[in-house]
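Below is one structure, written out as structure tokens, with a few remarks after it.
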Amino acid sequence: MSNIKNILFVGVGGQGTILASKIFTEGLIKSGYDVKMSEVHGMAQRGGSVVTQVRYGEKVYSPLIEKGTVDVIVSFEKIEAARWIEFLKENGTVIINDYEIRPITVLVGNEVYPEDVLEKISQNPIKIKVIHAYEKAKDIGNSKVQNSILLGALVKACGLEKIDWEEIIKSNVNAKFLDMNIKAFNIGNEIE
């Protein structure tokens, strides 16, 4: 079981969380890994949470990940990192997009968006990589490619750079947006 890696993609509907997890999964499968994936959409179309669990290794029997066993969490929105942090194993890695999408309960004044999310997360015995994917995506012309930036950072964190990610992105992204997504992926893959 120790050769199994557990990855959790968490975000808000519309951020491209599922697309990023599908590209990641396809790359792993084409590289010969046994992969299991489970998606939870919830109220994703209305800005709700989206979670994808990906497990890969020599032989994987279940797509479901238990609390405290995740190797890497990729959080497309920072409050989602806090929501799922208990799934991360000790000394695991969390890649956090320093980006806020305020839920409807905050927008109507029923709740307050916590301002100290990153500080609270950093109190755990984990590795944290904060990425300003929104700004980086805007710099290359389209804020919607944040998911490709985060995917590139995940690939680097997992040591999976040898996979032909460009080819896999090409088979999953509309040709009109291909160059921008590949550029975004490479930006994420170069972040230290």
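Restricting the first member to the stretch 54-67 and to residues that are free of Cβ contacts under 8 Å to residues at least 24 places away in the same chain, and the second to residues that are outside any loop (DSSP other than H, G, I, E, B) and open to solvent by 100 Å² or more (accessible area, probe 1.4 Å), the beta-carbon pairs closer than 8 Å and six or more apart or on different chains are K67/E86.
For (1) touching a residue at least 24 places away in the same chain (Cβ under 8 Å); (2) open to solvent by 30 Å² or more (accessible area, probe 1.4 Å); (3) closer than 18 Å to E77 by Cα, each residue gets a yes or a no:
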{"site": "V108", "(1), (2), (3)": "no, yes, no"}
{"site": "Y113", "(1), (2), (3)": "yes, no, yes"}
{"site": "D116", "(1), (2), (3)": "no, yes, yes"}
{"site": "I121", "(1), (2), (3)": "yes, no, yes"}
{"site": "P125", "(1), (2), (3)": "yes, yes, no"}
{"site": "H132", "(1), (2), (3)": "yes, yes, yes"}
{"site": "K136", "(1), (2), (3)": "yes, yes, yes"}
{"site": "G159", "(1), (2), (3)": "no, yes, no"}
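Here are some residues: I149, I128. Which one is outside any loop (DSSP other than H, G, I, E, B) and touching a Ser or Thr at 6+ places or on another chain (Cβ under 9 Å)? After applying the criteria, what remains is I128. A residue that is of a type outside the set (D, E, K, R), open to solvent by less than 30 Å² (accessible area, probe 1.4 Å), under 23 Å from D98 (Cβ atoms) and in contact (Cβ under 8 Å) with a residue 24 or more places away in the chain occurs nowhere in the stretch 164-179. For the stretch 59-86, a residue qualifies if it is closer than 18 Å to G48 by Cα, of a type in the set (V, I, T) and not in a strand (DSSP E or B), and the qualifying residues are I79, I85.
The values are calculated or read from the model by the stated rules, or taken from the named source; none is laboratory data. Computed from a prediction, not measured in an experiment: that's the story for all the values here. FYI the Cβ positions are ideal-geometry reconstructions off the backbone, even for glycines, and counts take in every protein chain you see. Ligands, DNA and RNA are excluded from the accessible area calculation, which covers all protein heavy atoms including side chains. Shrake-Rupley method; radii C 1.70, N 1.55, O 1.52, S 1.80 Å.
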